[in-house]
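> Take a look at this one; I'll ask things after.
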Amino acid sequence: MSESISEMRAELLQLLREKSYEEREVTLASGKRSNFYIDGKQTALHPRGAYLIGHLFADRLGAFGAVEAVGGPTLGADPLGTATSLVTQLQGRPLPAFIVRKEPKGHGTQRWIEGAKNLRPGARVVMLEDVVTTGGSSLRAVDNVESEGYQVLGILSLVDREEGGRETIEGRGLRFEALFGKEEIRGA
């Protein structure tokens, strides 16, 4: 990899602005109204976006300590986990990815987690998010992962909308990291 982390970060920021940022009235998952929307999936599902996110997330995982796996709530975290897991494999330090369901599986295992066979019992994991607003949905996913017996070290997000999510997450004693804040995305 000849690109520096700062070069990859600058390129990802530009891609997020092009693919994921829109100025329009929306109602967010938190129920709040907003005059802008950030759809991280648009960038995460782009081949270059996935490459950049995978590398930047893999680089940032060191802040969480001894991480054994990455994953998060479906649908936003699905491409993030896959990209990060793939990059860690290419770097020679493979971390499996997992997906947290919206509801526990209604048949078979009736578990919250997909990919659990790749995780050891009690594994130390980092939750991934595309965009964090209030932190509520992130913490619901944390609760579900912890109910399956895994140790959540913290949450790593592509974008922090800077609307209380960091404080809520850190108030639970979890580390929170984000690649970008809303003002960076908005170009302010």
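The values are calculated or read from the model by the stated rules, or taken from the named source; none is laboratory data. Everything numeric here is computed off the predicted structure, so don't read it as measured data. Heads up, the Cβs are rebuilt from the backbone with ideal geometry, glycines too, and the neighbour counts pull from every protein chain shown.
> Does G31 qualify as being over 14 Å from the mean Cα position of the chain (by Cα), assigned to a loop (DSSP other than H, G, I, E, B) and either over 21 Å from R186 (Cα atoms) or not aliphatic (A, V, I, L, M) (or both)?
The answer is yes for G31.
> What tally of residues in segment 1-27 results from selecting those that are in contact with a strand residue (DSSP E or B) (Cβ under 6 Å, 6 or more places away or on another chain) and either touching a residue at least 40 places away in the same chain (Cβ under 8 Å) or part of a helix (DSSP H, G or I) (or both)?
Result for segment 1-27: 2.
> While we're on this one: Residues in segment 163-182: is at least one farther than 23 Å from G62 by Cα, surrounded by 14 or more Cβ atoms within 10 Å (Cβ to Cβ) and free of Cβ contacts under 8 Å to residues at least 40 places away in the same chain? If you could, list the steps in order and put the result at the bottom.
Taking segment 163-182 and keeping what is farther than 23 Å from G62 by Cα, we get 163-164, 182.
Still in the running and surrounded by 14 or more Cβ atoms within 10 Å (Cβ to Cβ): 163-164, 182.
Cutting the leftovers down to free of Cβ contacts under 8 Å to residues at least 40 places away in the same chain gives us 164.
The answer is yes, given that some residue of segment 163-182 is farther than 23 Å from G62 by Cα, surrounded by 14 or more Cβ atoms within 10 Å (Cβ to Cβ) and free of Cβ contacts under 8 Å to residues at least 40 places away in the same chain.
> Another question, if that's okay. Given the criteria surrounded by 14 or more Cβ atoms within 10 Å (Cβ to Cβ) and within 14 Å of the chain's Cα centre (by Cα), does F64 qualify?
It is true that F64 is surrounded by 14 or more Cβ atoms within 10 Å (Cβ to Cβ) and within 14 Å of the chain's Cα centre (by Cα).
> Looking at segment 88-102 only, could you name the residues that are surrounded by 15 or more Cβ atoms within 10 Å (Cβ to Cβ) and modelled with pLDDT under 95?
Of everything in segment 88-102, just one residue is surrounded by 15 or more Cβ atoms within 10 Å (Cβ to Cβ) and modelled with pLDDT under 95, namely R101.
> Of the residues G54, G81, G76, which single one is part of a loop (DSSP other than H, G, I, E, B), under 12 Å from the mean Cα position of the chain (by Cα), surrounded by 14 or more Cβ atoms within 10 Å (Cβ to Cβ) and on the phi < 0 side of the Ramachandran plot?
Sole residue among the options that is part of a loop (DSSP other than H, G, I, E, B), under 12 Å from the mean Cα position of the chain (by Cα), surrounded by 14 or more Cβ atoms within 10 Å (Cβ to Cβ) and on the phi < 0 side of the Ramachandran plot: G76.
> Taking the conditions exactly as written (hydroxyl-bearing (S, T, Y), on the phi < 0 side of the Ramachandran plot and part of a helix (DSSP H, G or I)), does T88 satisfy them or not?
When the stated conditions are applied, T88 passes them.
> Could you please find all residues in segment 1-29 being small (G, A, S) and buried (at least 17 other Cβ atoms within 10 Å of the Cβ)?
Across segment 1-29, the qualifying residue is only S20.
> Go through R111, R124, R140 for me and flag whichever is at pLDDT below 95, surrounded by fewer than 24 Cβ atoms within 10 Å (Cβ to Cβ) and on the phi < 0 side of the Ramachandran plot.
Unique residue meeting the criteria: R111.
> Let me ask something else. Being in contact with a helix residue (DSSP H, G or I) (Cβ under 9 Å, 6 or more places away or on another chain), closer than 19 Å to I113 by Cβ and charged (D, E, K, R) is the filter here, so list the residues in segment 36-92 that pass it.
Listed by number, the list holds a single entry, D78.
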